[in-house]
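> One structure, pasted below without further comment.
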Amino acid sequence: MNLYNIAVKNIIRRKTRMLLILCGLIAGIATAVALFMIVGSMRLALGDQIDEFGSNVIILPRTEGMDISYGGTHVSRASIDLEQLTETDLDKIKEIPDYNSINIVSPKMVAAVTVNEREVLLVGIDPRREFIMKPWFSLGEQAGLPAGAAPGDLALIELPDNGLIAGFDSARSLGLDAGDIIDINGSSFIISGVLNPLGSVEDGLFFGNLAAVQTLLGRPGEISMIEISAYCNACPIEEIAAQLTVALPNGRVTALRQAALLREETIDKFSIFSILLSAVVLLIAALLVVTTMMASVHERTREIGIFRAIGFRGSHVMQIIFLEAGLTGLLGGITGYFSGSLIAGLAGSYLAGSSVPVSQQLNLLLPAVALALLITLAAAAYPARKAANLDPVEALRFI
């Protein structure tokens with residue numbers, strides 16, 4: 001009789017025990033696959049964040065009582081300035097030794113203003129520099145912009161002096177659409193465009209030309225903050241920050257990439273936790289296979305004795321046990337992979353705290369199946385050896 005057919009029939013005859021093994025195996029493989037995919041998604045989101053922020057540096061004036069809320073920093077008009085940034089500081093930045101590593105320098109004026117009786121943050125920017133630095137910005141609606149301006153290419157848009165670009169939340173909360181006219185400090189501005197939602201602080205802002213905002217506020221030449229981007233992971237960002245601190249003693253320099261690195265450390269810790277958790281679940285699955293296989297061998301003592309009596313060798317008995325374990329492992333590995341992929345897809349983004357969806361990784365299918373086979377075959381080794389060494393004379397006493 002074919003050993004493969006014997007193994008398949010044994011699995012079918014003992015469906016309950018094999019389903020128990022299969023459930024434990026699927027749980028272990030699914031846990032490992034899901035956690036691996038989630039960690040991969042977190043690292044992908046981190047990579048996007050580092051690419052997005054690049055080697056950014058924020059320079060703020062040395063102030064007291066400051067309360068800005070832009071780019072992770074807080075601003076209000078009721079602050080006591082100890083130092084002040086001006087446009088002349090932009091020239092000082094060009095003098096630092098590693099200036100060639102800097103890609104974009106984007107100055108900003110940030111202030112609280114009143115629009116439709118509500119206080120909002122207005123940010124004066126150099127549109128071309130700002131939107132080159134942040135290419136993920138895009139317009140959902142636009143009006144009052146030059147003909148041919150592409151909503152997806154804000155870097156080419158020339159914002160008029162009386163034009164504003166509204167963040168998605170700001171426009172929605174104030175009931176504004178592209179083309180609407182608003183009054184700020186007695187001056188009229190047109191909503192030239194409304195940004196598509198970004199899921200960040202920019203959704204609640206208004207953006208205008210730097211010079212126009214400075215004039216509106218009566219603060220010509222002044223700058224609230226400077227954002228610098230190098231957009232290269234190999235750039236000496238810490239050294240650049242140190243050089244900027246020396247060049248601008250009136251500024252407070254912060255390297256934003258440190259936040260991304262801190263998140264990377266968190267992901268590494270979560271990755272270690274995931275490995276340990278997967279190992280524990282897989283160990284439990286392996287113990288379940290061992291105990292179930294041992295019970296199966298004990299139940300089949302008479303059957304094994306008959307096999308040995310009609311000429312089956314001990315190696316044949318071992319092959320039957322290993323074939324049963326291998327077929328169970330193969331099915332468990334495939335099912336566990338797809339179960340883990342489903343779990344990761346449904347709950348991965350929530351667990352990872354990331355907007356990046358967890359995608360199915362087919363390259364994990366083969367490792368998942370191989371791991372399941374390794375677990376079942378290793379766990380079946382002792383029961384198979386015990387079955388092979390069973391004395392046929394003793395076994396036949398059960399007939």
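> Grab the other residues whose beta carbon is less than 10 angstrom from that of Glu299, score K and R as +1, D and E as -1, and report the net.
Every neighbour counted, the sum reads +3.
> How large is ³J(HN,Hα), in whole Hz, for each residue of the range 207-216 in order, when computed from phi with the Karplus curve 6.51 cos²θ - 1.76 cosθ + 1.60 and θ = phi - 60°, using x for Gly and Pro?
10, x, 5, 4, 4, 5, 5, 4, 5, 4
> Moving on. Decide, for the range 161-258, between rounded, prolate and oblate: order the square roots of the alpha carbon gyration tensor eigenvalues as a ≥ b ≥ c, take rounded if a/c falls under 1.5, and otherwise choose prolate if a/b is larger than b/c, else oblate.
Taking the square roots of the gyration eigenvalues as a ≥ b ≥ c, the range 161-258 is oblate.
> Check which residues have an amide H placed less than 5 Å from Ala178's amide H, if you skip close sequence neighbours.
Residues meeting the amide H criterion: none.
> Sticking with this one: For the peptides 125-138, 173-186, 28-41, 315-328, what is the packing order when you average, over each peptide's residues, the other Cβ atoms within 10 Å and list the highest mean first?
28-41, 315-328, 125-138, 173-186
> Using alpha carbon centroids, what distance separates the range 176-207 and the range 311-342, in Å?
The distance from the Cα centre of the range 176-207 to that of the range 311-342 comes to 63 Å.
Just so you know, all these numbers are worked out from the coordinates, no wet-lab data involved. Just so it is clear, the structure is predicted and the values come from calculations on it, not from any experiment. Note: ideal-geometry Cβ built from the backbone for every residue, glycine included; neighbour counts use all protein chains shown.
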